[in-house]
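In what follows, a single structure is set out as structure tokens and then discussed.
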Amino acid sequence: MDVLEGKNISPLPFELLLDREEISRAVLDLGKRITDDYDQKELVIVGVLKGCIIFIADLIRDIKLPIELEFVSASSYREGATQQEKVETGGTKELNISGKHVLLVEGVVDTGKTISTLMKELTKQNPASLEIVTLLDKPGSHRTKLNIKYKGFTIGNNFVIGYGLDNTQKYRNLPFIGKVVDK
Ligand code: IMP
Ligand code: MG
């Protein structure tokens, strides 16, 4: 695939998983559902950085409501002798979501640890409602029980890149989603 146009980076081996048109159609469907579901409600869209960026930019333009837009950050790391995975969040305390309807927007849900940590933190701030939106879901990888109301695609366990999603901070700018393959 000629997407990186032979520039000075050695591309990761990947295959096309979802092209721009498929993604656009799924995002438009989600936008329409959300527009219907939140009519006359005060809606705050909260993106999870950085993987959500392209998805959220497209999604909010398909939501025909006067929304507010906020962002939080989350990163996972391994801690201590047990190497237990921890999720560090940022920006959650600065949100003003009490009594408002909130949609938490992710690019991809894998183990579910990131989204469930954020859901717990946001629940404490007494939103009127709180639901998850993800472009991609990997149900085969979940390690925690999740109720995902809005999802674009269910995919397998392979690592994916593009449309905001990275591999060691690169490939977020690919306009489609690729599946990393062993070559
Ligand atoms: P979690 O396992 O659901 O908590 O996801 C951990 C983090 O890894 C999240 O920020 C996801 O966006 C990211 N992540 C999970 N799977 C992929 C993938 O296939 N590609 C890129 N990022 C991923
Ligand atoms: Mg990442």
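The values are calculated or read from the model by the stated rules, or taken from the named source; none is laboratory data. Since the model is a prediction, treat every value here as computed from it, not as a measurement. Here the Cβ is made from the backbone with ideal geometry for all residues, glycine too, and neighbour counts use every protein chain on show.
Can Leu103 be described as under 30 Å from Phe176 (Cβ atoms), away from ligand 2 (no atom under 16 Å from the Cβ) and at pLDDT 95 or above? For Leu103, the condition - under 30 Å from Phe176 (Cβ atoms), away from ligand 2 (no atom under 16 Å from the Cβ) and at pLDDT 95 or above - is met.
Restricting Ala74, Ala128 to residues that are more than 15 Å from ligand 2 (Cβ to nearest atom) and among the small types (Gly, Ala, Ser) narrows the list to Ala128.
Hey, does segment 123-130 have a residue that's under 19 Å from Ile53 (Cα atoms) and not polar (S, T, N, Q)? No.
Going through Leu95, Leu136 one at a time, which residue ends up being touching a Phe, Trp or Tyr at 6+ places or on another chain (Cβ under 8 Å) and aliphatic (A, V, I, L, M)? After applying the criteria, what remains is Leu136.
For (1) of a type in the set (Gly, Ala, Ser); (2) within 19 Å of Ala26 (Cβ to Cβ); (3) within 9 Å of ligand 1 (Cβ to nearest atom), each residue gets a yes or a no:
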site	(1), (2), (3)
Ser129	yes, no, no
Leu136	no, yes, yes
Lys151	no, yes, no
Thr154	no, yes, no
Phe159	no, no, yes
Thr168	no, no, no
Pro175	no, yes, no
Lys179	no, yes, yes
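Take Lys138 and tell me if it is touching an Asp or Glu at 6+ places or on another chain (Cβ under 7 Å) and in contact (Cβ under 8 Å) with a residue 24 or more places away in the chain. Judged against the criteria, Lys138 is a match.
For segment 81-96, check the following and say yes or no: at least one residue is crowded, with 18+ Cβ neighbours inside 10 Å and away from ligand 1 (no atom under 11 Å from the Cβ). For segment 81-96, residues crowded, with 18+ Cβ neighbours inside 10 Å and away from ligand 1 (no atom under 11 Å from the Cβ): present. Sort out which residues of segment 19-69 are acidic (Asp, Glu) and either touching a Ser or Thr at 6+ places or on another chain (Cβ under 9 Å) or buried (at least 19 other Cβ atoms within 10 Å of the Cβ) (or both), and write them in order of number. Asp58, Asp62 - these are the residues of segment 19-69 that are acidic (Asp, Glu) and either touching a Ser or Thr at 6+ places or on another chain (Cβ under 9 Å) or buried (at least 19 other Cβ atoms within 10 Å of the Cβ) (or both).
Annotation note: Cβ proximity below 6 Å between a residue of segment 38-51 that is over 15 Å from Glu94 (Cβ atoms) and more than 16 Å from ligand 2 (Cβ to nearest atom) and a residue that is modelled with pLDDT of 95 or more and of a type in the set (Lys, Arg) (sequence gap 6+ or interchain) occurs for Glu42/Lys100. Residues being small (Gly, Ala, Ser) and in contact with a Leu (Cβ under 7 Å, 6 or more places away or on another chain): count how many of those fall in segment 15-41. Of the residues in segment 15-41, 1 are small (Gly, Ala, Ser) and in contact with a Leu (Cβ under 7 Å, 6 or more places away or on another chain). Kindly establish whether Gly107 is buried (at least 17 other Cβ atoms within 10 Å of the Cβ), among the small types (Gly, Ala, Ser) and within 16 Å of ligand 1 (Cβ to nearest atom). Spelling it out, Gly107 is indeed buried (at least 17 other Cβ atoms within 10 Å of the Cβ), among the small types (Gly, Ala, Ser) and within 16 Å of ligand 1 (Cβ to nearest atom).
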